[in-house]
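Colleague: Have a look at the structure that comes next, please.
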Amino acid sequence: DPDQRNNRQFTASLSYFLSSASLGSHEVKTGVEHYTSTRVGGNSQSSTGYVFWADYALDAAGRPVLDANGRLAR
């Protein structure tokens, strides 16, 4: 499956230096960062490359057996 990635990043910073005889010198810094990551793909990765298929249970008439929640029974 093709995999698409898109990253967007925005950063900003501001610094201010203040110096006075009575308070001394100080530097104030602030900043912000915004990061967005988007990833689109089929997500069919396998660390081993193997694909496992499992059958669901069938009743005598060949219909799928459902559990109490209406999901396929194994």
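The values are calculated or read from the model by the stated rules, or taken from the named source; none is laboratory data. Remember, it's a predicted structure, so these values are computed and weren't measured experimentally. Neighbour counts are summed over all protein chains in view; Cβ atoms, including those assigned to glycine, are modelled from backbone coordinates with ideal geometry. Side chains included, ligands, DNA and RNA excluded: accessible areas come from the protein's heavy atoms. Shrake-Rupley method; radii C 1.70, N 1.55, O 1.52, S 1.80 Å.
Colleague: Mind checking Rg over Rh on the chain, alpha carbons, Kirkwood formula for Rh?
Modeller: 1.51
Colleague: Accessible area per residue for the stretch 1-72 in Å², computed with a 1.4 Å probe and the full protein assembly in place, what is it?
Modeller: Solvent-accessible surface per residue comes out at 98 Å².
Colleague: Test of understanding: what is the full-extension gain from PHE17 to VAL51, defined as 0.36 nm times their sequence separation minus their Cα-Cα distance?
Modeller: 6.1 nm
Colleague: In a GNM of the chain with a 10 Å cut-off on Cα contacts, which of VAL28, VAL40, VAL51 has the highest mean-square fluctuation?
Modeller: VAL28
Colleague: Give the carbon-plus-sulfur fraction of the accessible surface of the chain in %, rounded to a whole number; probe 1.4 Å, heavy atoms of protein chains only.
Modeller: Carbon and sulfur together cover 52 percent of it.
Colleague: Using a Förster distance of 22 Å, how high is the FRET efficiency between VAL40 and ARG8, based on the Cβ-Cβ distance and rounded to 0.05?
Modeller: Using R0 = 22 Å, I get an efficiency of 0.95.
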